[in-house]
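Asker: Take this structure, written in structure tokens, and hold onto it; I'll ask about it next.
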Amino acid sequence: MLSLRDTEKELLARHIGLGSVTADFTVGNGNDTLWLAEHVGEGGLVYGFDIQKQAIENTAALLAERGVSDRCRLICDSHHNLLKYIDGKIDAGVFNLGFLPGGDKGITTMRETTLPAVRDALSVVKPGGCLLVAVYPGHEEGRLEGEMLCSFFEGFDQKQLSAYCFRVLNAPTSPFFLFAEKSKRADI
């Protein structure tokens, strides 16, 4: 069977190389941040955001253990404030919505900050770059976030941005992801 996680990594890898600048807008326990750090190499940079101090600490420990801390900038702030921290363009960005695995399930990403964050993230993605958003519709806010984001991405002219939705059709509450690639001539 197709693995959505493997598909995510395969799509992201097409846009990331040594020296790339990337962002993990929801670091959680650091797994995506680590993957990005390993793929950007020593000359690259990964911005990592989370509102929870525990997520930042978990991620910092994982990055230190793997020897890639020097290529990461961890930020304990909401992803919707990303423009305060990212002053250039990025090759790729990742959102893994929902809640911190193993953490308080009452603290989740919310539509009112997710949409501005995704919009701003797209503004800092380079032409030819990409943005991946993993959605967890198994809880009400996740379902509503997914509907909102699908509608948002549907509104783009394909000459500027190609947006894709990867989901298991016969498992409506299982996680899915949205993948957006900017045109090389995009001005969004």
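Asker: Neighbouring Cβ atoms within 10 Å as the yardstick, rank 86, 56 fewest first.
Answerer: Listing 86, 56 from fewest to most nearby Cβ atoms yields 56, 86.
Asker: Amide H to amide H, which residues 5 or more places from residue 125 or on other chains are under 5 Å from it, using H placed in the peptide plane?
Answerer: Excluding prolines and chain starts, which carry no amide H, the hits are 90.
Asker: Among bridges DSSP assigns within the chain, what percent are antiparallel (round to 5)?
Answerer: Once the DSSP bridges in the chain are tallied, antiparallel ones form about 45 percent.
Asker: So how do 84, 126 line up by other beta-carbon neighbours within 10 Å, fewest first?
Answerer: So the ranking, lowest neighbour count to highest, is 84, 126.
Asker: On to the next question. If each DSSP helix of 4+ residues adds -39,500 (n - 2.57) and the sum is divided by the residues in the chain, what number results at 222 nm, nearest 500 deg cm²/dmol?
Answerer: So the helix-based figure for the chain works out to -10500 deg cm²/dmol.
Asker: Over every pair of different alpha-carbon atoms in the chain, take the mean of 1/r and invert it; report that Kirkwood radius in Å.
Answerer: 16.4
No lab work stands behind these numbers, since they all come straight from the coordinates. Because the structure is a prediction, the values reported are computed rather than measured. Cβ coordinates were reconstructed from backbone atoms using ideal geometry, including for glycine residues, and neighbour counts include every protein chain displayed.
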